[in-house]
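**Q** Here's a structure for you.
The values are calculated or read from the model by the stated rules, or taken from the named source; none is laboratory data. Predicted, not measured: the structure shown is a model, and the values here were computed from it. Glycine gets a Cβ as well: all are built from the backbone with ideal geometry, and neighbour counts include every protein chain shown. Ligands, DNA and RNA are excluded from the accessible area calculation, which covers all protein heavy atoms including side chains. Shrake-Rupley method; radii C 1.70, N 1.55, O 1.52, S 1.80 Å.
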Amino acid sequence: MATEPEAAEPVVPSLVDRYFTRWYKPDVKGKFCEDHCILQHSNRICVITLAESHPVLQSGKTIKSISYQISTNCSRLQNKVSGKFKRGAQFLTELAPLCKIYCSDGEEYTVSSCVRGRLMEVNENILHKPSILQEKPSTEGYIAVVLPKFEESKSITEGLLTQKQYEEVIVKRINATTTS
């Protein structure tokens, strides 16, 4: 008697894969491999995270601390949003710094917004437990949530790469390092 092959378990997409579109900004501010990922929801909200190829996630680094203190007069932690029209939110440009990540090896990385919009919230959990930034970068380890202006919500993806385009960039990087 012939046995039927076992049916493969259907792969259920993650919450992030179901509801968000991934966009990538490689080499932010010209810094090699400092790639950021923007998770864009259908309601135009953008979640800023580190891309898989970012040095903090790649090279087994240990995060010493994370700071949302951008300058002496500017802290992203002081962002207080209220009401339907999101009053009090800090306005960010594409290159606006969101936080600084300090590693135990002395390296320092600045995470930029990559999209223009209002800062809705920052992830204070990563201040108390920086390891979740490395363990779960697309979910609990996100950096911040930004709400683009409604008029600009279609154009924010200009200058950002799709998942496929980003994978091509990674392949080119790997090929460039193996040939040199």
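**Q** Over segment 27-172, what percent of the accessible surface lies on carbon and sulfur atoms, probe 1.4 Å?
**A** 51 percent
**Q** Quick one: accessible surface of F150, probe radius 1.4 Å, all protein chains present, in square angstrom to the nearest 10.
**A** Ignoring ligands and nucleic acids, F150 comes out at about 140 Å².
**Q** Taking H placed 1.01 Å from N in the peptide plane, check which residues at least 5 places from L98 or on another chain put their amide H under 5 Å from its amide H.
**A** V111, S112, S113
**Q** Moving on. Going by a ≥ b ≥ c, the root eigenvalues of the Cα gyration tensor, does segment 32-81 fall in the rounded group (a/c under 1.5), the prolate group (a/b larger than b/c) or the oblate group?
**A** Here segment 32-81 falls in the oblate category.
**Q** Another question, then. With axes computed from alpha carbons, what is the tilt in degrees of helix 163-179 against the longest principal axis of the chain, rounded to the nearest 10 within 0 to 90?
**A** 80 degrees
**Q** Hand me the trypsin sites (Lys or Arg not before Pro) from segment 112-180 located in a DSSP loop with no more than 14 other Cβ atoms within 10 Å, in residue order please.
**A** K149, K154
**Q** With the other protein chains left in place, how much accessible area per residue, in square angstrom, belongs to the chain at a 1.4 angstrom probe?
**A** For the chain, the solvent-accessible area averages 60 Å² per residue.
**Q** Shifting gears a bit: Please list, in order along segment 110-120, the HN-Hα scalar couplings obtained from phi with the Karplus expression 6.51 cos²θ - 1.76 cosθ + 1.60 (θ = phi - 60°), rounded to whole Hz, x for Gly and Pro.
**A** Result, ordered by residue: 9, 9, 9, 5, 6, 9, 7, x, 9, 6, 7 Hz.
**Q** A further question on this structure: Which whole-number percent is the relative contact order of the chain (Cα, under 8 Å, 6+ apart)?
**A** Contact order relative to length: 21 percent.
**Q** Quick one: plug the Kirkwood hydrodynamic radius of segment 89-149 (C-alpha pairs) into Stokes-Einstein at 37 °C, 0.692 mPa s, and report D in µm²/s.
**A** Taking Rh from Cα pairs, D becomes 269 µm²/s.
**Q** Right, next: Average the reciprocal distances over every distinct pair of alpha-carbons in the chain, invert the result, and give the Kirkwood radius in Å.
**A** One over the average 1/r among Cα pairs gives 17.6 Å for the chain.
**Q** Still on this structure, please answer the following. Quantify how much of the Cα-Cα distance distribution of segment 111-180 extends past 16 Å, in percent.
**A** 65 percent
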